[in-house]
Amino acid sequence: MHRKLGPVYTLYIGGKRMTYLTDEEDYNKYFMQSQHVDFQKAVHLFVANAASIPSESFLTHHTSIHDLMKGKLATNQLPSHSKDLQTQFERRLAEISLAGSYELNEVIRLIMYPSVIRNLFGEDVLPIHNEESMNKLMVNFVAFDDQFEYGTQIPHVFIRKWAQSKQWLLNVFRKAILQIKSTDDTVLKSLYEMVDKEHGANYSLLMLWASLANAIPITFWTVAMILNDPKVHGRVIKEISAAQDSSGNIEYNTATFEKLKYIRCCFLEAIRIRSPGVITRMVVKSFNVKGYNVPAGDLLFLSPHWTHRNEKYFPDAEKYMPERWLTCDFTKNEFLPGFVAFGGGRYMCPGRWYAIMELHMIITMLFHKYSMTLESTLPKANVMHLVGVQQPEADCYVRFSPKL
């Protein structure tokens, strides 16, 4: 698109002006750090449609919510989450007893949904006490997530299944917030105490979507891509073996994660390749870029998907190459130049360090506990959605054999 339309171009779609920046050098100046654009004004109507949160409420609370999540999920807070998350993952793996051939995306959901929910929302808050209730929640969340992008823009009468799943989830949260105890120390409790109580369930639903919608497919893509490359797979197994203690166990903490640098490279490379199609801001004050006037009122976009295919920053960009990340100093939480998957500026993804921790943990745990073999061709990405990590367009089967 850059080659056809240039470094700045505008599309007119549905009566809206959508202006795209395609040169990474313009991102910080005009998108991430600029006083000419606004994140909240770009998304408040989408949030109103997706979660039935009035714009007035969202614009009032969003900055405080963002800062709350940023603080609760900051790197110095991760130890308070990681021990329990390890317990939850191990508990879930024991419950489902993987042995045989399974559809990989389904397995990832079965493991991560209850584990992450208990870690962030509390042990007994949501109805995931048995497999039947867990499956019902999973079915409704998958339906909600699958058409989330449409739900932000299309009248709900045209997407009835999505609307029904949304209402089912909201009803679950209306009941759940009544069970929050004053002694609870969860992210959900902190969120609920901050927002207007009338929309507590709605904000809780958005938190659920944010905590699961991208982590699940990235775990899927990382595992599948590792299995699809024998050299990468072999290096992962070697790194995990070196990180084990004398009893063959792994304690998931900061020191251990530093020994598992290559696995971090693996999932960051999967994020690079399967990043969201676009992220957006609203232009609130016109500006000029490369001789092109961008007027107030435009929706301004950049595309992580295409930025991450810029050969200037990522040579042989279509190839899965975890090694390209080995130059990063992960002790300083560095990313490669040109990597914009988590956004940037004031409203950069507040949960990115928690996400990195959970990905590091579950991917390591799967390769530590199971011998896995890819039984399907690595699926292509479904390119029908611009929001969030790309989902696979076909099933992918993996054979699991327990090691321990």
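The values are calculated or read from the model by the stated rules, or taken from the named source; none is laboratory data. In this text the structure is predicted, and so the values were computed from the model without any measurement. Here the Cβ positions follow ideal geometry from the backbone for every residue, glycine too, while neighbour counts run over all protein chains shown. Quick note on the areas: whole protein, heavy atoms, side chains included, nothing else; ligands and nucleic acids left out. Shrake-Rupley method; radii C 1.70, N 1.55, O 1.52, S 1.80 Å.
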Please give the charge dipole size of segment 154-299, origin at the Cα centre, charges +1 on K and R Cβ atoms and -1 on D and E Cβ atoms. Round to the nearest 20 debye. 500 debye
What does the accessible area per residue of the chain come to in Å², with a 1.4 Å probe and no ligands, DNA or RNA counted? 45 Å²
Just by accessible area at a 1.4 angstrom probe, what is the order of Val283, Val278 from largest to smallest? Val278, Val283
Measure out, as a whole number of angstrom, how far apart the alpha-carbon centroids of segment 231-280 and segment 295-328 sit. 21 Å
Once you've got the GNM for the chain with C-alpha springs shorter than 10 Å, pick whichever of Asp124, Asp298, Asp245 has the biggest mean-square fluctuation. Asp245
Can you pull the accessible area of Cys265 for me, 1.4 Å probe, Å² to the nearest 10? 0 Å²
Rg/Rg_ref, segment 143-183, where Rg_ref = 2.2 N^0.38 Å and atoms are Cα: 1.45
If I ignore ligands, DNA and RNA and count only protein heavy atoms, how much of Arg399 is accessible to a 1.4 Å probe, in Å² to the nearest 10? 100 Å²
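Where does the charge balance sit around Ser165 when Lys and Arg score +1, Asp and Glu -1, over other residues with C-beta under 11 Å from its C-beta?
Numbers: positive: Lys136, Arg160, Lys161, Lys166; negative: Asp145, Asp146.
Taking every other residue near Ser165 into account, the sum is +2.
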How big is the C-alpha Rg of segment 274-365 next to the rule-of-thumb value 2.2 N^0.38 Å, as a ratio? 1.32
With no solvent term and unit scatterers on the alpha-carbon positions of segment 217-262, Debye gives log₁₀ I(q)/I(0) at q = 0.25, 0.30 Å⁻¹ of -0.96, -1.05
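Multiplying the sequence separation of Glu25 and Asn135 by 0.36 nm and subtracting their Cα-Cα distance, what value in nm do you get? Each step should come with its number before you reach the end.
Numbers: separation 110, 0.36 × 110 = 39.60 nm, distance 4.55 nm.
Here the segment from Glu25 to Asn135 would lengthen by 35.0 nm.
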Once all protein chains are kept in place, Met194 shows an accessible area at probe 1.4 Å, nearest 10 Å², of 70 Å²
Cβ-Cβ FRET estimate between Leu336 and Val383, R0 fixed at 25 Å, reported to 0.05: 0.60
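Let's test the formula: R0 of 22 Å, r as the Cβ-Cβ distance of Glu258 and Ser371. What FRET efficiency results, to the nearest 0.05? Before the final figure, lay out the partial values.
Details: r = 26 Å, r/R0 = 1.16.
Taking R0 as 22 Å, the efficiency between Glu258 and Ser371 is 0.30.
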When only alpha-carbon atoms are used, what values of Rg and Dmax, in angstrom, describe the chain? 21.1, 64
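Classify segment 337-388 as rounded, prolate or oblate from the Cα gyration tensor: take a ≥ b ≥ c as the square roots of its eigenvalues, call it rounded if a/c is under 1.5, otherwise prolate when a/b beats b/c and oblate if not. It would help to have the intermediate numbers written out before the result.
Details: a/c = 3.13, a/b = 1.40, b/c = 2.23.
Since a/c reaches 1.5 but b/c is at least a/b, the shape of segment 337-388 is classed as oblate.
Could you list, in their original order, any pairs among Lys29/Lys197; Lys231/Lys259; Lys29/Lys70; Lys238/Lys332; Lys175/Lys369 whose Cα atoms are separated by more than 27 Å?
Working: Lys29/Lys197 38 Å; Lys231/Lys259 19 Å; Lys29/Lys70 23 Å; Lys238/Lys332 25 Å; Lys175/Lys369 37 Å.
Exceeds cut-off: Lys29/Lys197; Lys175/Lys369.
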Nearest 500 deg cm²/dmol is fine: what mean residue ellipticity at 222 nm does the chain get from its DSSP H runs of n ≥ 4 alone, each adding -39,500 (n - 2.57), divided by its residue count? -15500 deg cm²/dmol
Heavy atoms only, probe 1.4 Å: what % of the accessible area of the chain goes to carbon and sulfur, would you let me know? 53 percent
So how far apart, in nm, are the two label points at Leu326 and Gln167 if each is 7 Å from Cα heading toward Cβ? 5.6 nm
Taking just the alpha carbons, could you work out the radius of gyration and Dmax for segment 309-404, both in angstroms? 16.3, 45
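Take the Cα pairs of segment 1-151, get the Kirkwood Rh, then feed it into Stokes-Einstein at 25 °C and 0.890 mPa s and tell me D in µm²/s. Display every interim value, and only then the final one.
Working: Rh = 19.6 Å.
Reported coefficient: 125 µm²/s.
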